[in-house]
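Novice: Sending over a structure as structure tokens; questions will come in a sec.
The values are calculated or read from the model by the stated rules, or taken from the named source; none is laboratory data. As the structure is a computational prediction, the values presented were derived from the model and not from experiment. Neighbour counts are summed over all protein chains in view; Cβ atoms, including those assigned to glycine, are modelled from backbone coordinates with ideal geometry. With ligands, DNA and RNA removed, areas are computed over all heavy atoms of the protein, side chains included. Shrake-Rupley method; radii C 1.70, N 1.55, O 1.52, S 1.80 Å.
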Amino acid sequence: MSERMERPWALMRHHAGWADVFHIETETADSITGFYPDRETVGPPVSYSVRAVLARFATLEAARGAREGAVSEWRKHDAGVRDAETALRGAEKAREDAWLKCLRDAAER
């Protein structure tokens, strides 16, 4: 059995800051096939490129624990992101104001 199949639980990117637990049932060198055990309706198996896997784990509990720890780590940076977004909006406003001033000054010449 390969190392990959010894670790059949994976975290797959869902959206920024969140990953879904995925159970890998089969895999090739290029793709994995499996299902999301935490979803209300488990449909037919789905396939993804192996590049979609963020991390692999030996157990469901380990994957869930890692996901929760990563969410906590993500949240530690929320204030810094808000501050950076505020600074970005300020810089964009300054750029817009400078552009408009340049245009208006040119029109008055």
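Novice: Just to verify a number: what accessible area does E27 come out at with the full protein assembly present, 1.4 Å probe, Å² rounded to tens?
Specialist: Around 50 Å² of this residue is reachable by solvent.
Novice: Can you give the accessible area per residue of the chain, in Å², using a 1.4 Å probe? Can you show the working numbers first?
Specialist: Working: 7900 Å² over 109 residues.
Per-residue value: 73 Å².
Novice: What's the long-distance tail for the chain, i.e. % of Cα pairs beyond 24 Å? Each step should come with its number before you reach the end.
Specialist: On the way: 2817 of 5886 pairs.
The calculated P(r) of the chain puts 48 percent of pairs beyond 24 Å.
Novice: How much of the accessible area of the chain, probe 1.4 Å, is carbon plus sulfur, in whole percent? Walk me through the numbers on the way to the answer.
Specialist: Working: 4480 of 7900 Å².
Carbon with sulfur: 57 percent of the solvent-accessible area.
Novice: Mind ordering 84-91, 48-55 by average Cβ neighbours within 10 Å, highest first? Present the calculation step by step, with values, prior to reporting the outcome.
Specialist: Working: 84-91: 10.1, 48-55: 14.0.
The peptides rank, most packed first, as 48-55, 84-91.
Novice: So what's the angle, to the nearest 10 degrees on a 0 to 90 scale, between helix 60-75 and the longest Cα principal axis of the chain?
Specialist: Computed tilt is about 10 degrees.
Novice: Right, another one. Check which residues have an amide H placed less than 5 Å from A19's amide H, if you skip close sequence neighbours.
Specialist: Answer set, sorted by chain and number: H14.
Novice: Considering only C-alpha atoms, what is the centroid distance from region 23-63 to region 70-93, in Å?
Specialist: Centre-to-centre (Cα) distance: 31 Å.
Novice: What's the local net charge at A62, with K and R +1, D and E -1, over the other residues with C-beta under 14 Å away? Display every interim value, and only then the final one.
Specialist: Working: positive: R7, R56, R64, R67; negative: E6, E61, E68.
For residues surrounding A62, the net value is +1.
Novice: Next up: Do the sum for the chain: with -39,500 (n - 2.57) for every DSSP H run of n ≥ 4, divided by all residues, what is the mean residue ellipticity at 222 nm, to the nearest 500 deg cm²/dmol? Display every interim value, and only then the final one.
Specialist: Values: 3 runs with 50 residues, N = 109.
Here the helix-only value at 222 nm equals -15500 deg cm²/dmol.
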